[in-house]
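I have placed the structure first, in the form of structure tokens, so that the comments after it can refer back to it.
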Amino acid sequence: MDRRTFLRTTAAGALVSGTGLAWAQTTGRALPVLPISDLTKGIEGRIPLALNPSKHDFGNGALSDTFGINNSYLGPLFRVKQGQTLPFDIMNGIGDTSTLHWHGLHIPGDVDGGPHQEIAPGATWSPDVPVVQHASMNWFHSHMHGKTARQTYNGLAGVMLIEDDASLSADLPQTYGVDDFTLILQDKTFDGNGRMSYELTGEVFENGFEGDTLVVNGAIAPVTQAVPTGLVRLRILNACNARFLELSMAAGSVTVIASDGGFLASAVEAESILMSPGERYEVLVDMATFEANALNVNLDGGDGGGFFANLFGGNQPITALTLTQTGVAGFSGAMPTRLANLAPPDRSNATVNRSFQMQMDVGADLAALALAWDNFCGNAGAMAINGQPMKMDRIDETVRKGDTEIWRINVDEQLHPFHIHGCSFRILSQSGATPPSYAQGWKDMVHVQDGWSEVLVKFDYEATVDAPYMYHCHILEHEDCGMMGQFTVT
Ligand code: C2O
Ligand code: CU
Ligand code: CU
């Protein structure tokens, strides 16, 4: 069977999708190491970022139409330091209005890069972005109202690692491209010619767009990397539009050291971790004990499988990244025990309570309004939060700077990832239960399904009516379709 026939066969059997087999037969691609822009030692002049249309080979020999940021696909990896101010010049060359949002950064609304900081085609946006927070893995992506899903899928995304004095001197692997790797995980669909495609139907809106092929740093999985003997650090971003990914190791457990907003109190061992779109986790892999190991990803994480998925081979983990030893001695430190000072969240600090209901079927009247308010739902009905689809000139919540609040989020159907701009929060409960230990540190994403999730949050920066913050479902098609709201902090 040649590759084309194989693809058609798998594409025809819809029940087989989700296994990531489509273009994955050619194994042994090298892990693409994202080009790094390491600014921790200083910044000279302004930092140009060019958003451009491009062509990119995901590793199957076909050139796909993509967007890239200074690259053919995705952006550079920024490594910056707490205390710096980042003078970006963001040039929009994609031929359509766009924005670039700094997901996870504690910054004022006017430099947040949300839907209000539009960059017209051909224009340049020059925010000075202050880095005030502690060491953490953050990212950036398009946040153009109604177009976030497509622009991000096409490649407008990248990672920003923040370091601080403690993280730079920590006894952890941090030699980039040697024992410290950043992985951007995404799911894609490729057409019969091997080109990346993105098609929306009513059903796609229900679940959000789900591709059948796993891609790591813009290369079709599995990818391989040889590493020295010792600990290896993987900083992982789920940049899928809609898929929850379940991550596990081929040998041993997953050792998690950091979540969205920084280090955990101590390393956590988990059999697997469930990552929603938008989430980040850092893990350590012991490459002294094992000569080879692999990071496995189940594309149907959070789905719970089901008879048909299991019968037809869906809901099975696939290999994302294989690590092999070079035999050279590498990072010789031990698995860390204590990582950060992190007191348990104290809900008695909260003086304000808010609640949010995420809604999927809001009826024809609201669907018409959603459309008029530039939400994009394809042929599907609109989505909403608290009975309102997103509207650019309506402020939904007003928050007082410095108040500690409890946000309660609920949904009737499906599993959704809820995100809040301008902060890191702590999860008090996730879908009615204590969050897994690896999700008990600083977060800006929380899963919501069958019951309330609650987060304890405080906002320390201003977001005015002209530049409000967003809260939304991070299934990007849901966000575009109206499952988003806005708030000010003053
Ligand atoms: Cu990652 Cu409002 O976004
Ligand atoms: Cu964000
Ligand atoms: Cu959603």
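For the range 388-490, what is the convex hull volume of the alpha-carbon atoms per residue, in Å³?
It is 91 Å³ per residue.
Along the positive direction of the dipole of the chain (beta-carbon charges: Lys, Arg +1; Asp, Glu -1; about the Cα centre), which of H116, T40, P417 reaches farthest?
About the Cα centre, the residue reaching furthest to the positive side is T40.
Does the chain come out rounded, prolate or oblate by the C-alpha gyration tensor, with a ≥ b ≥ c the root eigenvalues, rounded set by a/c under 1.5 and, if not, prolate when a/b is larger than b/c and oblate if not?
Rounded is the answer for the chain, as its axis ratio a/c remains below 1.5.
Kirkwood hydrodynamic radius of the range 163-312 from all distinct Cα pairs, in Å? Numbers along the way, then the final one.
On the way: mean 1/r = 0.0596 Å⁻¹.
Across the range 163-312, the inverse of the average 1/r is 16.8 Å.
Do you know the relative contact order of the range 139-285, to the nearest whole percent, from alpha carbon pairs under 8 angstrom that are 6+ apart?
22
Please work out whether the range 72-204 counts as rounded, prolate or oblate from its C-alpha gyration tensor, where a ≥ b ≥ c are the square roots of the eigenvalues and a/c under 1.5 means rounded, while otherwise a/b larger than b/c means prolate and anything else oblate? Display every interim value, and only then the final one.
On the way: a/c = 2.34, a/b = 1.35, b/c = 1.74.
Verdict is oblate for the range 72-204.
When the distances between all Cα atoms of the range 39-118 are binned every 10 Å from zero, what whole-number percent does each bin get?
Pairs per bin, as whole percents: 16, 41, 32, 10, 1.
Normalising by the residue count of the chain, find the relative contact order in percent from Cα pairs under 8 Å and 6+ residues apart.
Numbers: 1369 pairs, mean separation 77.3, N = 490.
Contact order relative to length: 16 percent.
If you count the DSSP beta bridges with both ends in the chain, what percent of them are antiparallel, to the nearest 5?
70
Could you work out, for the range 215-287, what percent of all Cα-Cα pairs fall into each 5 Å distance bin, beginning at 0 Å and stopping at the bin that holds the largest distance?
Histogramming the range 215-287 at 5 Å steps yields 3, 14, 23, 28, 20, 9, 2, 0 percent.
Order 54-65, 30-41 from most to least packed using the mean count of other Cβ atoms within 10 Å. Before the final figure, lay out the partial values.
On the way: 54-65: 18.0, 30-41: 15.8.
Taking the mean over residues of other Cβ atoms within 10 Å, the ranking is 54-65, 30-41.
Could you work out the equivalent-ellipsoid semi-axes for the range 124-167, taking the square root of 5 times each eigenvalue of the Cα gyration tensor, largest first, in whole Å?
Details: eigenvalues 133, 35, 12 Å².
Rounded to whole Å, the semi-axes are 26, 13, 8.
Below 19 Å, Cα to Cα, which lysines can K147 reach? Residues fewer than 8 away in the same chain don't count.
K188, K391
Enumerate cysteines in the chain without a disulfide-compatible partner, where compatibility requires another Cys Cβ under 4.7 angstrom.
Here C240, C423, C473 come out as lacking a disulfide-compatible partner, given the Cβ-Cβ threshold of under 4.7 Å.
As a footprinting exposure proxy, order I395, I90 by other Cβ within 10 Å, with the fewest listed first.
Lowest to highest Cβ neighbour count: I395, I90.
Only the coordinates and a few stated rules stand behind these numbers; no lab work does. All values reported here derive from a predicted model rather than from experimental measurement. All Cβ positions, glycine included, derive from the backbone under ideal geometry; neighbour counts span all protein chains shown.
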